[in-house]
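First the structure, in the form of C-alpha cells, and then the observations on it.
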Amino acid sequence: MSKLSGLGGRLYRGETSVDFIGKRRRWYAFSGVLIIASALALSIQGLHLGIEFKGGSAFTVTKTGISLPDARAAVASTKIPGDTIIQKLGTNKIRVQTAPLTTLQSNQVQDALAAKFGIATDAIDTQIVGPSWGKEITQKALYGLFGFLIVVLLYLAMAFEPKMAIAAIIAVIHDVFITVGIYALVGFDVTPATVIGFLTILGYSLYDTVVVFDKVRENTRTITSGSKMTYSQAANLAVNQTLVRSFNTSLIALLPVASILFVGAGLLGAGTLKDLSLALFIGLATGTYSSIFIATPILARLREREPAMQALAKRVAARTSAPAEAVVKATASSPSRTAVATAEKRGPRNQPKRKNRR
Amino acid sequence: MSTSAQSRTPKTASRPGRTLAILGVVLVALLSLVFIQGATSVKLGLDLRGGTSVTLQPRIAAGTSGTVTSAAIDQAVSIIRQRVNSLGVAESEVTAQGSGANRQIVISVPGDTGRRVVDLVGQTAELRFRQVLVSGAPGATAVTGTAATPPPGVSAAINAQYAALDCTKAVNRQGTGTDRADQPIVACDRTGTSKFILAPAEVLGQDVSKASAAINQTTGSGWYVLLTFNDSGTTKFGALTTRVTKLAAPQNEVAIVLDGLVVSAPRINEAITAGNAEITGNFTQTDATDLSNVLKYGALPLAFDRGEVQQISPTLGSDQLHAGLLAGFIGLGLVLLYSLLYYRGLGVVSVGSLLIAGSITYMLFLLFGKWIGFTLTLAGIAGAIVAIGITADSFIVYFERIRDEVREGRSLRSAVETGWIRARRTIIVADFVSMIASALLYIFAVGGVRGFAFTLGLTTLIDLFVVFVFTKPIVTVLAKRKFYNSGHPLSGLSPKNLGVVITTPNAVKEA
C-alpha cells in the first residue's frame, strides 16, 4: 500500500510518468478494435433481451428436490404456444419462461406447476410482461439516455470548457458502446435493471473524467503565458497526478458493486441485483479506462488545434531544441522544473511549515 | 488562487466547531423527528416482502377516438383505487407514474391476492345513464312485506339481489366494469350512502360531448355542472327525460353510473330535448368539478394494456431483503477496510463520515416512509449500496488533494484548507453530474427504477452534506493534532506514505 503511496508522490512530481497522450494512437487503436468487435457482435449476435423487453411470462418455483423433467411435463400439459425456456436456478429453483400469454393461459401454467409440485399458486413467483410494454420502456430508456447526454454536455460546458464537455461525452459514448458490445458478445440478459446500470455508469464514468479534467484545467490555466510545457504535456502531467486518485476512486466504487454482484449472483441466482451490478461492473471498468486513455487525449488534441496552443507548442519546441543533450533532459525533467519553480516561489511558505512540524 | 486561499485559510479554519455543531443539531433534529413521527421501521417494497404489482398502460378504448389526457388518467386512478380498496388489503397503493398524459398506473397490493388483483384492475370503466327504479337505505333488508312485491319493471330476482345488497360494506362498492348496459342492475352509491335498482342504460358515456363545472353568475354562489350531448345523445337523453319527468320519485331520477357505481342521481325537472343539461344541487366547487370530470372521462373511457405483472411470494421477498442487506454490509465493510489500509489515520475520518452518512440515510428513509410514502425496494437498496462508493470517492478526492498540497511543500494545516478549496469544486461538479443522472432516471423511469434513482439522488445529496459539515471540519480539527501533523506512520500522512522527498530545497535541486 505505501509503495503505491510513494508512487503517487513520484507521479505527482512527474518523476515517474506514463505517456498517455503521446501514445494516444495506441489507445485509439485499442479502443477502435473494441468498438469494431462490439459492432460486429451487435450486428451478428444482437442483444439477448429479457422478457421485460420482448414480452412474455416467467414463473419461478421454489421447492427442494424439484426436477426439470417434472417442470417440463407440467408446462407441456398446458399446451401453451411459443417457445418455452425452462432452466434450473441454484439447487431448488426452476424458472419457466414463456412467450406472451393471455391471463387465462398464464393462470393455467401457474395451476399446472402448483399441482405438479404440490404448492400454492401464490407461492409461485410470477412476472407477466405485455408484448407492447418493452417498446414503452425502451423508448423511455432512450429518452433518459439522450436527455442525460444533453444536460451533462451543457452542464460540463458551463462548469469547465466546451471542449472538455465534448471530450467527456465522446468518452461516455465510447463506454456505452463497448459495454453494450460486451453484452452482445457474452450474451448476458439485458433487463431494465441492466439499463439502470448503464445509465448509472454514464454518471460514474463522468465522475472519473471530471476529476481528471479538473486537474488538467488547473495545470493549464496559465500555460500560455509561459513556454515550459505544451498543452499536451501539461494534460499528461495532470493524468499522471490524478492516476492514484482515479485508481482509488474506481476501486472504492467497484468494491460495493462487486459485493452486490457476488451476493446477487451467488445467493439469488438471477434478478435485479445481478443484472444491475454486472452492468455497473463492466461499465465502471471501461469508464475508468476511457477517462484516462480516451477523454484526456481527445481533449489535448482538440485544444492543440487552437492557434494559441500551437504558438505555445512552437515556443516550447524552440526552447528545447537547444543542445542535443539538453533536449532529452528538458523533456524528462520539465515537470520537475516547475516543481523547482513553485518551490522557489513558495520558499517563504516553507518556513512556517517547519515550525508547525516541531 | 493562492492569495485568496491564503486570506481564506484563517476564516475556514476557525469554523470547524461551528460546522460540527450544525451537524449535531441536524442529527438531533432528525432523530427527534423520527421519534415524534413514530417512524420506527422502513416501509418495504413488494419485492422485499411479497405481493403483487401490476403496471397498466392506459390507452383509448376501442371504438372511440381521441387522445389520452392527464385528467382522464387521474380519473382512471381513482376508479382503480376504488376497485382495489374493495379488496380490503391494508397498504394497497394505486399511483400514476411518469409525467402528464404519458403516465402508467401502478397498482401494488401486498400479500397473496395475486390473481384477484390482476382480474380486477384491467377492465375498462364505462359511464352510463340509467333511470332509477328503486332507491333506499344502504343496508341489507329482508325480502318480506312490501319489498317482496317488486315494483313495475323489476323482476323478482333483481328485487332479491337488491334486498341482499349491503352497500355499507366496501367489498360491495368495488365496481368491476362488468355491468351490462342492456340489463337492469342493482348498484351502490359511490360513497355507500344509498342503494339502487337501475333500468337498462339508455344513454352512454360516448354520447356526452362536453361537461364543465360552472358557478351561478347572478348569485355568485351555487356550483352546477353543464352537460352537453352529441346528436345521438341529444335524441336519446331527450326521450329519456321526457318519459321520466312525469313519473313519481324516485323513478323521475336518472343515475349517472360510472364503473357500476352511482356517482349522482339527479331528479329530472323537465324534458331536456336541446342536448344541454344543467345538474344543480348543493354542490361545492369540488363536488361540481368531480362530477364534470366523471362525465368527461365517461365520454372518452380508457382501456388498459397490462404492461407488467409481478407476483412475489413472501419467501422470495425475504430472501431478496436478506441478500440486499448482506450485499450492503459486505460492500460497506470492504470500503471501510480499504480506506483504513490505504489512508490509515485519515481512513478513520472516512469511516466516521460513512457512518454518519449511513445513519442520516436511514433516518430519512424512515421519515420519507411516513411523509411521502417512500418504500424501499431491492433496486433502492442497490442504489444505496452503489452510493457508498460515490460517497467514499468524495473523501478520496479530498484526501488526495491534501496529500498533493503537502507534496507541494505546504504544512498539513494549510494543505487541509487549500486542498479543500480545490477538492470542493471537483466534488460539487462530480456530485452534480450524479444528481443529473438520478433526476433523469427518476423522471423517465417506472417502478423499481424510480426507487433506484431516488435513493441514489438522495444519498448523493447526503454525501455533499456530510463532506461539508463533517469530513472537512473534522479533518481541520485533526490536522491540529500532533499524531497527524507530525506525520506519524499510521496517520496516512507520513513523508514515506506520501513519497515526499522535497523536504529541503537541496533535494529539489538534485532532481
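The values are calculated or read from the model by the stated rules, or taken from the named source; none is laboratory data. Computed from a prediction, not measured in an experiment: that's the story for all the values here. Reconstructed Cβ throughout: ideal geometry from the backbone, glycine too, with neighbour counts over all protein chains shown.
Okay, here's what the table says:
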quantity	calculated
Search result, residues across the range B:369-386 that are part of a helix (DSSP H, G or I) and either in contact with a helix residue (DSSP H, G or I) (Cβ under 7 Å, 6 or more places away or on another chain) or surrounded by 19 or more Cβ atoms within 10 Å (Cβ to Cβ) (or both)	B:369, B:370, B:378, B:379, B:380, B:381, B:382, B:383, B:384, B:385, B:386
Conditions (1) within 11 Å of chain B (Cβ to nearest Cβ); (2) crowded, with 21+ Cβ neighbours inside 10 Å: number failed by residue A:109	(1)
Search result, residues across the range A:243-269 that are more than 8 Å from chain B (Cβ to nearest Cβ) and within 14 Å of residue B:397 (Cα to Cα)	A:243, A:246, A:247, A:250
Members of the range B:104-141 found to be within 29 Å of residue A:124 (Cα to Cα) and part of a loop (DSSP other than H, G, I, E, B), listed by number	B:111, B:112, B:113, B:122, B:123, B:124
Test for residue B:364: is it closer than 17 Å to residue B:33 by Cα and in contact (Cβ under 8 Å) with a residue 12 or more places away in the chain	yes
Considering residues of the range A:115-129 that are more than 10 Å from chain B (Cβ to nearest Cβ) and assigned to a helix (DSSP H, G or I) only, the residue nearest to residue A:216 (Cα to Cα)	A:117
Selection from the range B:386-411 of residues that are within 8 Å of chain A (Cβ to nearest Cβ) and of a type in the set (A, V, I, L, M)	B:386, B:388, B:390, B:392, B:396, B:397
Selection count where residues are assigned to a helix (DSSP H, G or I) and either under 20 Å from residue A:315 (Cα atoms) or more than 9 Å from every other protein chain (Cβ to nearest Cβ) (or both), scope the range A:214-242	17
Condition met for residue B:359 (more than 8 Å from chain A (Cβ to nearest Cβ), buried (at least 23 other Cβ atoms within 10 Å of the Cβ) and either part of a helix (DSSP H, G or I) or not aromatic (Phe, Trp, Tyr) (or both))	no
Index of the failed condition, residue A:12 passing every other in (1) assigned to a helix (DSSP H, G or I); (2) aromatic (Phe, Trp, Tyr); (3) closer than 30 Å to residue A:120 by Cα	(3)
Exclusive hit being facing chain A (nearest Cβ under 7 Å), closer than 22 Å to residue B:362 by Cα and small (Gly, Ala, Ser), set B:430, B:439, B:382	B:382
Of all residues making up the range A:256-310, the number that are farther than 30 Å from residue A:237 by Cα and among the acidic types (Asp, Glu)	1
From A:79, A:54, A:88, residue being among the basic types (Lys, Arg), under 32 Å from the mean Cα position of the chain (by Cα) and either buried (at least 19 other Cβ atoms within 10 Å of the Cβ) or under 23 Å from residue B:118 (Cα atoms) (or both)	A:54
Complete set of residues in the range B:295-333 that are among the aromatic types (Phe, Trp, Tyr), within 12 Å of chain A (Cβ to nearest Cβ) and crowded, with 24+ Cβ neighbours inside 10 Å	none
Qualifying positions in the range B:166-179 - part of a loop (DSSP other than H, G, I, E, B) and of a type in the set (A, V, I, L, M)	none
Residue within the range B:241-253 that is touching a residue at least 40 places away in the same chain (Cβ under 8 Å), over 30 Å from residue A:260 (Cα atoms) and among the aliphatic types (A, V, I, L, M) present	yes
Residue match in the range B:35-42 (condition: assigned to a helix (DSSP H, G or I), modelled with pLDDT under 85, closer than 18 Å to residue B:374 by Cβ and touching a strand residue (DSSP E or B) at 6+ places or on another chain (Cβ under 6 Å))	no
So residue A:286, is it polar (S, T, N, Q) and more than 8 Å from every other protein chain (Cβ to nearest Cβ)	yes
From A:191, A:224, A:230, residue being of a type outside the set (Lys, Arg) and either in contact with a Gly (Cβ under 9 Å, 6 or more places away or on another chain) or within 21 Å of residue B:405 (Cβ to Cβ) (or both)	A:191
Residues being assigned to a helix (DSSP H, G or I) and either closer than 14 Å to residue B:257 by Cα or among the small types (Gly, Ala, Ser) (or both) - total across the range B:277-297	9
Filter result (without any contact (Cβ under 8 Å) to a residue 24 or more places away in the chain and facing chain A (nearest Cβ under 9 Å)) within the range B:416-427	B:422, B:425
Residue list for the range B:402-414, filter: crowded, with 20+ Cβ neighbours inside 10 Å, touching a residue at least 24 places away in the same chain (Cβ under 8 Å) and either assigned to a helix (DSSP H, G or I) or not assigned by TED's automatic domain parsing to the domain that holds residue B:463 (or both)	B:402, B:403, B:406, B:407, B:412, B:414
Restricting the range B:63-90 to residues that are without any contact (Cβ under 8 Å) to a residue 40 or more places away in the chain and under 19 Å from the mean Cα position of the chain (by Cα), the residue that is surrounded by the fewest Cβ atoms within 10 Å (Cβ to Cβ)	B:90
Candidates B:443, B:427, B:462, filtered to the one that is among the β-branched types (Val, Ile, Thr), on the phi < 0 side of the Ramachandran plot and at pLDDT below 80	B:443
Verdict on residue B:443 being under 29 Å from residue A:160 (Cα atoms) and not charged (D, E, K, R)	yes
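The rows are residues; the columns are (1) farther than 21 Å from residue B:443 by Cα; (2) away from chain B (no Cβ under 11 Å); (3) modelled with pLDDT under 80.
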{"site": "A:131", "(1), (2), (3)": "yes, no, yes"}
{"site": "A:139", "(1), (2), (3)": "no, no, yes"}
{"site": "A:146", "(1), (2), (3)": "no, no, no"}
{"site": "A:167", "(1), (2), (3)": "yes, yes, no"}
{"site": "A:184", "(1), (2), (3)": "yes, yes, no"}
{"site": "A:191", "(1), (2), (3)": "no, no, no"}
{"site": "A:195", "(1), (2), (3)": "no, no, yes"}
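This table checks each residue for (1) part of a helix (DSSP H, G or I); (2) surrounded by fewer than 20 Cβ atoms within 10 Å (Cβ to Cβ).
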site	(1), (2)
B:181	no, yes
B:186	no, no
B:200	no, yes
B:203	no, no
B:206	yes, yes
B:218	no, yes
B:232	yes, yes
B:239	yes, yes
B:242	yes, yes
